[in-house]
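Q: Here it is: the structure, laid out below.
The values are calculated or read from the model by the stated rules, or taken from the named source; none is laboratory data. Being a predicted model, the structure only gives us computed values, none of them experimental. Glycine gets a Cβ as well: all are built from the backbone with ideal geometry, and neighbour counts include every protein chain shown. In case anyone asks, the SASA skips ligands and DNA or RNA and just uses the protein heavy atoms, side chains included. Shrake-Rupley method; radii C 1.70, N 1.55, O 1.52, S 1.80 Å.
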Amino acid sequence: MHEASIAQNILDIVIDVALKNRAKKVNKVFVKIGKLAAVDYNSLLFAYNALKEDTIAVDSELLIEEVEIRGECQECGWLDAYENYFFSCKKCGSMNVKIISGEELNITEIEVD
């Protein structure tokens, strides 16, 4: 389960940033995770909640925003969203599609006291 290591990395970053900014408590952590990052959100939340015990983030909430898969056709320039992992241009049929979003795993905001 790689979600536990992701949760630990998120928590390490959050605590480090909070302490450097003299925060006493972490309230909320906002993350953006792309569909292609292959993260199970329930497992990530479970791991985060288990790992945050005995830290300044003990009462924090991890809020996840899912980022859709978007691609740009390298033949005709068409921008589109994709629901599955078959990346062909819906306009010209080309398979030469560059993924421009959907692989993210970023902490976007940390709310502290």
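Q: Name the pairs whose Cβ atoms lie under 7 Å apart, with the first residue in the range 38-50 and in a helix (DSSP H, G or I), the second at pLDDT below 95 and open to solvent by 70 Å² or more (accessible area, probe 1.4 Å), and 6 or more positions between them or separate chains?
A: Every condition considered, the pairs that remain are SER43/MET1.
Q: Here is a follow-up. Quick test of your reading of the structure: GLY77 fulfils all but one of (1) in contact (Cβ under 8 Å) with a residue 40 or more places away in the chain; (2) in a loop (DSSP other than H, G, I, E, B). Name the failing condition by number.
A: Going through (1) in contact (Cβ under 8 Å) with a residue 40 or more places away in the chain; (2) in a loop (DSSP other than H, G, I, E, B) one by one, GLY77 breaks only (1).
Q: Residue check: is LYS28 surrounded by 12 or more Cβ atoms within 10 Å (Cβ to Cβ) and either in contact (Cβ under 8 Å) with a residue 12 or more places away in the chain or in contact with a Gly (Cβ under 9 Å, 6 or more places away or on another chain) (or both)?
A: Working: surrounded by 12 or more Cβ atoms within 10 Å (Cβ to Cβ): yes; either in contact (Cβ under 8 Å) with a residue 12 or more places away in the chain or in contact with a Gly (Cβ under 9 Å, 6 or more places away or on another chain) (or both): yes.
Judged against the criteria, LYS28 is a match.
Q: Also, quick follow-up: Given the residues ILE6, ILE56, ILE107, which is the only one that is surrounded by fewer than 16 Cβ atoms within 10 Å (Cβ to Cβ) and touching a residue at least 40 places away in the same chain (Cβ under 8 Å)?
A: ILE107
Q: Additional query: Taking the range 92-103 as the region of interest, how many residues are outside any strand (DSSP E or B), touching a Gly at 6+ places or on another chain (Cβ under 9 Å) and either open to solvent by less than 50 Å² (accessible area, probe 1.4 Å) or farther than 17 Å from LYS35 by Cβ (or both)?
A: 1
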